[in-house]
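Here's the structure, in structure tokens; my notes come after.
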Amino acid sequence: MAFDKIFLNARFDGGAQHHIAVRDGRIAALLPADAPASGAETVDLGNTLVVPGFVEGHIHLDTSFYGDAWRPHKPCTDGFNVHERVAFQAENMAEAAPMDVRARNQLDLCIGHGSTQMRSHVMVDGSVGLKSLETILRVREEYKSLIDIQLVAFPQSGILASPGTPQLLDEAIGLGANLVGGLDPASFDRDVEKHLDVVFGVAGKHGVDVDIHLHDMGTLGAFEIEQIAARTRALGMEGHVAISHAYGLGDITVDQLKSVADILARSGVAIMTNAPGARAFPPILILRNAGVTVFSGNDNIRDSWWPYGDGDMLRRATTLGYRSGFNIDEELRVAFDMVTASGAKALRLEGYGLRIGATADFVTLNAEHVPEAVVAVPQARAVYKAGMLVARDGKIVRKQR
């Protein structure tokens, strides 16, 4: 069998050593470490730990100020309030650098750290129309050889509260968005059923998946999750729906949580959490043990919601583990799984992983194994997309086309 390229001396988690043979951008064979390598270009990985490319499962390419002028954070006047944060965001964006410039800055950051797959939410509502989506679609095209990007049409200003948004969400899918989103059906739009009518209506019309932001706390948030799960089952969309944040799962009783977890597992609704600071977040192990897919993303990076974020999904795994009290190796691997395999499952990615037939997307790390990588967050990395080197040590080395 002829190969285009053979990556020598790759060490997998668990200690197995292989040569990774690539043809047409996919892993064609995993050869024994002592197998001769001839007839193809070779790259020596130097016995570094090789892991799948990271899955950035939730980010906002249109609203980051990374690489732009520093913008001091504005606190809410009376505790966390989504309406107020949206207003702050509108003020900041009016003074920001061009969106395409900021989006490229953020993509370079994420790719440099090893993300090869991404899901970004992009504002589509009565406040901005389709302008933000049109800009990010153009940037996505520029970067298609470096990273695969799913775009969610995200109604940041609400659906019912923002005139014209239902039609805009419909048009957004036709324009090139891959999923339809939602935002706090109860607290923001004040009508759970009508909000979900629009979201699932657009999804059903176009045959696309759903990813809904849900910040509502406590039993209100749990109720909304149950309603989303019910819609999912009724429409036969198991495995095609995600709820992002789901803060309410972090401040209900354990018995209530287990009940909702069972509902989520039966409906195939995935949960995205980035374990944000000073907020309750979904208990990862209880959900996973119930059979729920739990994945992660960096969410906001230096924007109007908080000043933090470095685009590194490996460091995000560290945060997930730290905030969850993960210490043993098995738990540290759970945190890593949330930014790799579980992310791929939630995003329904085909051809993901270090296996024959998968796309040759991988990252090299200077670590003994995955648990050490999660704790140490080694920065010397090489990032490969479809078998091509795209970034090294945090810098893009292969220009997009």
Within the range 372-401, tally of residues that are open to solvent by less than 60 Å² (accessible area, probe 1.4 Å), of a type outside the set (A, V, I, L, M, F, W, C) and modelled with pLDDT of 95 or more: 6
Top-ranked residue in the range 41-71 [being of a type in the set (D, E) and within 28 Å of Q150 (Cα to Cα); ranked as modelled with the highest pLDDT]: E56
Single match in R316, R302, R288, R333 (criterion: in contact with a Gly (Cβ under 6 Å, 6 or more places away or on another chain) and open to solvent by 30 Å² or more (accessible area, probe 1.4 Å)): R302
All positions within the range 89-105 that are of a type outside the set (A, V, I, L, M, F, W, C), out of contact with any Gly (no Cβ under 7 Å at 6 or more places or on another chain) and open to solvent by less than 30 Å² (accessible area, probe 1.4 Å): Q89, N92
Yes/no for G174 being surrounded by fewer than 24 Cβ atoms within 10 Å (Cβ to Cβ) and in contact with a Gly (Cβ under 6 Å, 6 or more places away or on another chain): no
Those residues of the range 106-124 which are touching a helix residue (DSSP H, G or I) at 6+ places or on another chain (Cβ under 9 Å), open to solvent by 10 Å² or more (accessible area, probe 1.4 Å) and part of a helix (DSSP H, G or I), in sequence order: H113
Residues being part of a helix (DSSP H, G or I) and charged (D, E, K, R) - total across the range 341-385: 2
Helices (runs of 4 or more DSSP H) contained in the range 131-207 and holding at least 3 residues touching a helix residue (DSSP H, G or I) at 6+ places or on another chain (Cβ under 7 Å) and either at pLDDT below 95 or closer than 25 Å to V101 by Cα (or both): 131-142, 165-175
Test: residue in the range 139-147 that is farther than 24 Å from M217 by Cβ, of a type in the set (K, R) and either in contact with a His (Cβ under 7 Å, 6 or more places away or on another chain) or open to solvent by 40 Å² or more (accessible area, probe 1.4 Å) (or both): yes
Restricting the range 205-226 to residues that are free of Cβ contacts under 8 Å to residues at least 40 places away in the same chain, over 18 Å from P166 (Cβ atoms) and of a type in the set (A, V, I, L, M), the residue that is most open to solvent (accessible area, probe 1.4 Å): L220
Count of residues meeting criterion [at negative phi and either open to solvent by 30 Å² or more (accessible area, probe 1.4 Å) or of a type in the set (K, R) (or both)] in the range 232-249: 5
Only one of V198, V192 that is more than 30 Å from L137 (Cβ to Cβ) and aliphatic (A, V, I, L, M): V192
Identity of the residue in the range 74-89, farther than 17 Å from A280 by Cβ and of a type in the set (V, I, T), that ends up modelled with the highest pLDDT: T77
Subset of the range 76-88 (residues that are among the charged types (D, E, K, R) and either loosely packed, with under 14 Cβ neighbours inside 10 Å or at positive phi (or both)): D78
Residue list for the range 286-313, restricted to those being hydroxyl-bearing (S, T, Y) and either free of Cβ contacts under 8 Å to residues at least 12 places away in the same chain or over 13 Å from W70 (Cα atoms) (or both): T293, S296
The one condition in (1) open to solvent by 10 Å² or more (accessible area, probe 1.4 Å); (2) more than 30 Å from R302 (Cβ to Cβ); (3) not β-branched (V, I, T) that A229 fails to fulfil: (1)
Residue in the range 65-73 that is closer than 26 Å to L214 by Cβ and small (G, A, S) present: no
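The values are calculated or read from the model by the stated rules, or taken from the named source; none is laboratory data. As the structure is a computational prediction, the values presented were derived from the model and not from experiment. A quick note on method: Cβ atoms are made from the backbone with ideal geometry, for glycine too, and the neighbour counts reach across all protein chains shown. When the accessible area is computed, the model is the full protein with side chains, heavy atoms only, and any ligands, DNA or RNA have been set aside. Shrake-Rupley method; radii C 1.70, N 1.55, O 1.52, S 1.80 Å.
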